[in-house]
Amino acid sequence: MKVLVAIKRVVDYNVKVRVKSDHTGVDTANVKMSMNPFDEIAVEEAVRLKENGVATEIIAVSCGVTQCTETLRTALAIGADRAILVETALELQPLAVAKLLLAIVLKEKPDLVILGKQAIDDDCNQTGQMLAALAHMPQATFASKIELVDGRLEVSREIDGGSEVLSLQLPAIVTTDLRLNEPRFITLPNIVKAKKKTLDVTRPEDLGVDVTPRLQTLKVSEPSSRKSGIKVASVDELIVQLKTVAKVI
Amino acid sequence: MNALVIAEHDNHTLKLATLNTVSAARLCANTVDVLVMGQGCEAVAQEAAQIQGLNQVLLAQGESLAHGLAENVAEQVLALAREYTHVLFASSAQGKNVAPRLAALLDVAQLSDISHVVDPNTFERSIYAGNAVSTVLASDPIKVITVRTTGFDATPEGAGPCPIKAVQAVADQGLSRFIRQEVAKSDRPELAGAKIIVSGGRAMGSAEKFNDVLIPLADKLGAALGASRAAVDAGYAPNDWQVGQTGKIVAPDLYVAVGISGAIQHLAGMKDSKVIVAINKDAEAPIFSVADFSLEADLFSAVPELVAKL
């Protein structure tokens, strides 16, 4: 089974971003960038499928600026076999990324595409579902377990109040949730090995995809901040405050 | 401007999130319809018909829609969507699953988790775990939106019922099959709509202690239970209790954070709560910076004391 994994380069999980003073966006200059955490889970899952003899080849794909090659090298170090960068400096919104991925899917014909459920920068949670629609493939979002059963993919997925199990025909699209796996640490020998793996670069115009943004960001502002609270010295004082001042219990 | 709101339900009862979504829809359009999709869900349609200010409820029933499979549900909405300028879903597991699929089928952008309607084409939404708010203008003819329910008051029910119109259910797309569902039965309020939430973090130490310490407090307060990502990762609490950037966004009247340090990703999910109480023994915990009432104490003595004295 051929597996395609889509990954995104985002501001690192631990960075607290600042809104630019001109309100055009957040300041990403000199900020640490990393692979989106849910995409790391996606790569890990693909590698585990290969280690278990289910997957035969893993292709990592990223869309964006030249520096995404670093993120792709990380995916290769985790265990992807080769990588494709769809290089552009233009702003890419989820629908455009889904169309770029569709072009790659039509070319590579994977049996399974795994994506993170959500990127932690724009917090959209859209690309996997959009790709599934464009490719007319079944989707299982928010996956916590995936298994190949009689040529179909059985996926446990997180839903409000619990979980459900779906059976998808292949090829299929899966997006990852937290409990799917815990990504491994990358070892130095694997980083060295990753440097020798193939990384192809293509461009949206080579793929014939129009990536013009459909949404225009008018401004980006600071969220309203809470006014500072008070310290209470004891449980008794807390109860008094909640009952008489806040009146919430 | 015509809006279509996708009802959130379990084939038996209408989920409250639908009422908040209708409120957002009324800010976008003067005519609002609600679409109920499922099987054996007439009661849901009847309940939806009592929401104030609706034009009509559309009811699509069939085997293909019984389990909310995204492929079939998106196709069903697609069959109706071109009559509308706005299609709105609650930003729930189901809404997030279907809305982008629909948007791609319509070749339009999707707006995720909007918290404010500036005008029918302009919306506010949080980005970067709530560290920034983006105001976006959508130019596509149909806006496909998921609604952060905490951003909008619920539209009241109790109107003279609006008409219910049956629509043809789409055929099964044959792409996926439902196998089973495991939904925990609980008498507690739903996390997403609860008035009071008691939430635990990594400092709870184990699943047993999480339950032993927090369940009595939640019972006493009639509260829903929540958890930080750290607590979920450690296996102390189920995934759907997770409050935060990648879990649920909540805004109850009272949020009690117990043993939660307050990573930005967690704060993103609860900082719009009306009153926040933090109980933590680490004086430097970031949770104290958003708390209205901060109690620096060992949770294992403070919480039982609180339960005893309430």
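Quick notes on this structure:
- Sole exception among (1) more than 7 Å from chain B (Cβ to nearest Cβ); (2) at pLDDT below 95 for residue A:162, by number: (1)
- When residues in segment B:85-102 are screened for being over 16 Å from residue B:246 (Cβ atoms), hydrophobic (A, V, I, L, M, F, W, C) and touching a Lys or Arg at 6+ places or on another chain (Cβ under 9 Å), 4 of them pass.
- Restricting segment B:161-203 to residues that are without any contact (Cβ under 8 Å) to a residue 40 or more places away in the chain and assigned to a loop (DSSP other than H, G, I, E, B) leaves a set whose member that is farthest from residue B:22 (Cα to Cα) is B:174.
- Taken as a whole, the condition of being among the β-branched types (Val, Ile, Thr) and touching a strand residue (DSSP E or B) at 6+ places or on another chain (Cβ under 8 Å) does not apply to residue B:307.
- When segment A:167-190 is filtered for residues that are part of a helix (DSSP H, G or I) and more than 21 Å from the chain's Cα centre (by Cα), the ones remaining, listed by number, are A:188, A:189, A:190.
- Of all residues in segment B:176-199 being closer than 24 Å to residue B:16 by Cβ and small (Gly, Ala, Ser), the one that is farthest from the other protein chains (Cβ to nearest Cβ): B:199
So that you can scan it fast, the table gives a plain yes or no per residue for (1) more than 26 Å from residue A:244 (Cα to Cα); (2) touching a Gly at 6+ places or on another chain (Cβ under 7 Å); (3) touching a residue at least 12 places away in the same chain (Cβ under 8 Å):
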{"residue": "B:222", "(1), (2), (3)": "no, no, yes"}
{"residue": "B:232", "(1), (2), (3)": "yes, no, yes"}
{"residue": "B:241", "(1), (2), (3)": "yes, yes, yes"}
{"residue": "B:245", "(1), (2), (3)": "yes, yes, yes"}
{"residue": "B:268", "(1), (2), (3)": "yes, yes, yes"}
{"residue": "B:276", "(1), (2), (3)": "no, no, yes"}
{"residue": "B:281", "(1), (2), (3)": "no, no, yes"}
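- Answer residue from segment A:137-151, given it is within 8 Å of chain B (Cβ to nearest Cβ) and not β-branched (Val, Ile, Thr) and is surrounded by the fewest Cβ atoms within 10 Å (Cβ to Cβ) among those: A:144
- Pick from segment B:272-306, criterion assigned to a helix (DSSP H, G or I) and under 26 Å from the mean Cα position of the chain (by Cα), ranking: farthest from residue B:228 (Cα to Cα): B:289
- Test result for residue B:258, closer than 15 Å to residue A:232 by Cβ and touching a residue at least 40 places away in the same chain (Cβ under 8 Å): yes
- Residues (surrounded by 16 or more Cβ atoms within 10 Å (Cβ to Cβ) and assigned to a helix (DSSP H, G or I)) located in segment B:40-54: B:44, B:45, B:47, B:48
- Matching residues, segment B:108-123, being without any contact (Cβ under 8 Å) to a residue 24 or more places away in the chain, surrounded by fewer than 21 Cβ atoms within 10 Å (Cβ to Cβ) and not in a loop (DSSP other than H, G, I, E, B): B:118, B:119, B:122
- Once segment A:103-113 is narrowed to residues that are in contact (Cβ under 8 Å) with a residue 60 or more places away in the chain and closer than 18 Å to residue B:104 by Cα, the residue that is surrounded by the most Cβ atoms within 10 Å (Cβ to Cβ) is A:113.
- Taken over segment B:142-169, residues that are within 14 Å of chain A (Cβ to nearest Cβ) and modelled with pLDDT of 95 or more amount to 7.
- Residue A:92 vs. criteria touching a strand residue (DSSP E or B) at 6+ places or on another chain (Cβ under 8 Å), in a loop (DSSP other than H, G, I, E, B) and under 30 Å from residue B:136 (Cβ atoms): yes
The values are calculated or read from the model by the stated rules, or taken from the named source; none is laboratory data. Bear in mind the structure is a predicted one, so any value in this text is a computation, not a measurement. Backbone-built Cβ (ideal geometry, glycine too); neighbour counts: all protein chains shown.
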